[in-house]
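A short worksheet on the structure shown next.
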Amino acid sequence: MKYSKPVLNKNVEITDDFWKQKIELIRHEVIPYQWNALNDKVDGAEPSACIRNFRLAAKVLEKRANGEETPVFPTDKWHYPPKAEDENSFWGWVFQDTDIVKWIEAVAYSLENCPDNDLEALADGAIDLICAAQADNGYLDTFYTINNPDRAFTNLRDHHELYCFGHLAEAAVAYYNATGKDKLLNAACRFADLICDVFGENRKAGYGGHEIAEMALIRLYEVTNNAEYLKMAKLLVDRRGTKPYYFDIEHGRNSGDRLDYFYNQAHLPVREQTEAVGHAVRGVYLYSGMADVARLTNDEELFNACKRIFDNIAQKRMYVTGGIGSTRDGEAFTFDYDLPNDLAYAESCASIGLVFFARRMLQQDFDSKYADVMERCLYNGILSGMAEDGKAFFYVNPLEVDPVACERDSRKSHVKPLRQKWFDCACCPPNIARLISDYGEYCFTETDNTFFVNLYQSANVKTDKADITISSDYLGSGKVTFEIKTKKPFRLALRIPYWSDHFSFSKANPFIKKGYAYFDIEGDETLSAEFEPKIKIIKCNPRVRSNIGKVAVMRGPIVYCLEEKDNGKDLQLLRLSHSPKFSFDGECITANGYREIVDTNELYYEYREAEEILIKLKFIPYFQWANRGKNEMSVYIRY
Ligand code: FUB
Ligand code: ZN
């Protein structure tokens, strides 16, 4: 085996103070809360209509099966706001179906983490509801089923049928793995079979405007062994960006429609792509699918394209928090080193997709840089997406916020100073839930003879090589201990985190390659690693215009920020001292700094040395910001 496989979530028990708390929050608070939101039962939250659409689609199918006429509604828009007069029409975004299947996926991992009969029964009920909305030919998308089935598959560019299929398939595989129940899996396979029929070899040369079907088909292939799904995934990858453009054919080349191929990563055949472009979530979902196809078809050229794109993201287009997507316009990547703090988009889903991409790269190229990115996203730009109580969420994760600007400047209206209860476009909340409840699956990968530790936390892991108990103080002292009960000799590979300049191991002479320290394990043993989590002042490449003269503060994998609650208004007036004398209380960091005194109302005046007062600055973990009400926040500070 040339590539590694993730150790499945069900074989990993997270016992860590930090991550276990998050995983339990998903189970106890987030999953029930999101179920209510999907059922439109959260007061003051944006309506979902997701479950309502499935009920309506099932009714419509039943009527048609009985030979009754059903009304036809327009299918020319992305969004259909709930309106009483359209009570028989689809409501919401064309991809509204995905919210409930992401929820089911989160439930699946949660059941692996902790069996729960009531929750499983609730998910079984949701699956019945979804399956009742599947047409006889396998088609399963409530938007077209309700509004006009004759228009199905006529607008792959904008109308997310392949995207809805992808999320359905991912949930189906997860639920099958967790429970052994195959009802949703069979539904996903029937939909996949239809897609293969319509878009397979020598059929319509379509591919989705919003990627995910590529990696979902691979998951389906890996669980069913149906080679048609691998073939279909490869076709979707290979067709994108080739001429004549499918989106031109579909929309009529001269329709006058604005065709922005970059937005859908369809500007070039994927093997020729060198940079991350277009809509950020679509991008990272595509790159994840490309990496999967490259792995299963031994396609080096395709994998090299993934490598180039990954490096472009990690070295030039990613925020220090792991956020990606610098502009609201198209929720998109822009250009190298364009990382504005206050206009950032940095959608929660985009960082989640980057974790998917990084994990797939890591499976094939055993280089710590991929897990470094996973860690950066997980501890920062993803956790920031969820409130401490699990009942409010960020879609956009900016690095600098002035609540007044969010309200008064429409260029910043996408930036919210407080997490929201729900969204009419609610892609992020259930995506966060499904990733965090599956955290265990990102920690370890293995080949036939090597066990890789990619993320550090306390956990119990079972593999055919060993049972390993990990006791971690990674976020405290940086010490992690591995108690290994060996079943057969193997190599243990420990990632050396990018932020750790000083590290040591209790076992001598590891072999170090591409950021992993390798140890031969012959029998039972206890081994420990220490990665010194020093508080660091982080400078951003000076090509990034917005961070000139500024720095960020990190400790270990955690990015810190300043909030108005601790440091007063006008955070732009603060400066970190050259000898900050950092101190860490186990959670927050304090440091010496200055506040500039504004002693004039003149807008312009001849330069004079600023007057400053000495103050104590307080930094909190970035992911915790906005949990104490509306206030200013900044990751970067003058230095
Ligand atoms: O289009 C589906 C999802 O909605 C995208 O991934 C998000 O960016 C949001 O636009
Ligand atoms: Zn999202």
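The values are calculated or read from the model by the stated rules, or taken from the named source; none is laboratory data. Since we're looking at a predicted model, the values are computed, not measured. Neighbour counts run over all protein chains shown; Cβ positions are idealised from the backbone, glycine included. Each accessible area value is taken on the protein alone, full model and side chains, heavy atoms only, with ligands, DNA and RNA left out. Shrake-Rupley method; radii C 1.70, N 1.55, O 1.52, S 1.80 Å.
Couple of notes before you dig in:
- Descending by average beta-carbon neighbour count within 10 Å, the peptides 495-507, 228-240, 43-55, 623-635 line up as 228-240, 623-635, 43-55, 495-507, the highest first.
- Set of lysines with alpha-carbon distance to Lys10 below 22 Å, sequence-local pairs under 8 removed: Lys20, Lys22, Lys102, Lys181, Lys183, Lys462, Lys465, Lys485, Lys487, Lys488
- Taking the Cα centre of the chain as origin and assigning +1 to Lys and Arg Cβ atoms and -1 to Asp and Glu Cβ atoms, the resulting dipole is close to 1180 debye.
- Ranked by the mean number of other Cβ atoms within 10 Å of their residues, highest first, the peptides 409-417, 340-348, 271-279 come out as 340-348, 271-279, 409-417.
- Secondary structure note: in region 366-501, about 80% of the DSSP beta bridges are antiparallel.
- For Glu347, distant residues with modelled amide H under 5 Å away: Ile324, Asn397
- Relative intensity of region 176-227 on a log10 scale, I(q)/I(0) at q = 0.20, 0.23, 0.31 Å⁻¹, equals -0.77, -0.97, -1.35, per a Debye sum over C-alpha point scatterers of equal strength in the absence of solvent.
- Radius, Kirkwood style, for region 259-381 when every pair of distinct Cα atoms is counted (Å): 14.0 Å
- Put simply, when 510-519, 471-480 are sorted by average Cβ atoms within 10 angstrom per residue, most first, you get 471-480, 510-519.
- Summed residue charge, Cβ within 15 Å of Asn88's Cβ, Lys/Arg positive, Asp/Glu negative: 0
- Accessible area in square angstrom per residue, the chain, 1.4 angstrom probe: 39 Å²
- Across every pair of non-identical alpha carbons in region 40-119, the mean reciprocal distance, once inverted, gives a Kirkwood radius of 14.9 Å.
- With both labels modelled 7 Å from their Cα along Cα-to-Cβ, the Lys487 to Asn88 distance reads 5.9 nm.
- Exposure rank, largest accessible area first [Glu13, Glu606; 1.4 Å]: Glu606, Glu13
- Near-label residues of region 615-637 by backbone N, under 15 Å of a point 7 Å along Cα→Cβ of Lys581: 615-618
- Taking the Cα atoms of region 427-485, the ratio Rg/Rh between the radius of gyration and the Kirkwood radius comes to 1.05.
- The fraction of accessible area contributed by carbon and sulfur in region 16-68 is 44 percent, rounded to a whole number (1.4 Å probe; ligands and nucleic acids excluded).
- Extension reserve of the Ser471-Leu603 stretch, reckoned as 0.36 nm per residue once the Cα distance is removed: 41.9 nm
- Between region 87-137 and region 553-578, the Cα center-to-center distance that results, in Å: 41 Å
- From the largest down, region 481-544 spans 51, 21, 18 angstrom on the principal axes of its Cα atoms.
- Cα lying deepest toward the dipole's positive end in the chain, options Leu383, Gln363, Val173, charges on Cβ: Gln363
- Total formal charge among the other residues, if their Cβ is under 11 angstrom from that of Lys485, Lys/Arg +1 and Asp/Glu -1: -1
- Each Lys and Arg contributes +1 and each Asp and Glu -1, all at the Cβ; summed about the Cα centre of region 526-630, the dipole is approximately 420 debye.
- Note on region 418-471: dipole from Cβ charges, positive end direction compared against Ser471, Cys427, Phe444; the farthest Cα belongs to Cys427.
- Site pair Lys630 and Lys2 shows an inter-label distance of 5.6 nm when each label is modelled 7 Å from Cα along Cα→Cβ.
- With the convex hull of the Cα atoms taken as the outline of the chain, the averaged projected area works out to 30.2 nm².
- Under the Karplus curve 6.51 cos²θ - 1.76 cosθ + 1.60, θ = phi - 60°, whole-Hz ³J(HN,Hα) for region 562-572, x wherever Gly or Pro sits: 9, 10, 4, 3, 9, 10, x, 6, 6, 4, 5
- Net charge of the neighbourhood of Lys102, taken over other residues with C-beta under 9 Å away and scored Lys/Arg +1, Asp/Glu -1, is -2.
- One chain, two ends: Gln572 and Leu614. Fully extended at 0.36 nm per residue, the span grows by 13.6 nm beyond their Cα-Cα distance.
- Length added when fully stretched, Thr297-Asp197, from 0.36 nm per residue minus Cα-Cα: 33.8 nm
- The residue among Val7, Ala49, Ile130 whose Cα reaches farthest toward the positive pole of the charge dipole of region 1-132, with charges on the beta-carbon of Lys, Arg, Asp and Glu, is Val7.
- Rg/Rg_ref, region 454-516, where Rg_ref = 2.2 N^0.38 Å and atoms are Cα: 1.15
- Residue-wise HN-Hα coupling along region 620-630, computed from phi with Karplus coefficients 6.51, -1.76, 1.60 (Hz; x: Gly, Pro): 10, x, 3, 5, 8, 5, 6, 9, 10, x, 5
- Inter-label distance, nm, simple model (7 Å from Cα along the C-beta direction), Thr590/Lys513: 4.8 nm
- Summarising the amide proton neighbourhood of Tyr80: residues at separation of 5 or more, or on other chains, whose placed amide H is nearer than 5 Å comprise Gly92, Trp93.
- In this calculation the C-beta distance from Asp76 to Asn117 is compared with R0 = 30 Å, giving a FRET efficiency of 0.10.
- Net charge dipole size for region 295-397 [Lys, Arg +1 and Asp, Glu -1 on Cβ; Debye, nearest 20]: 140 debye
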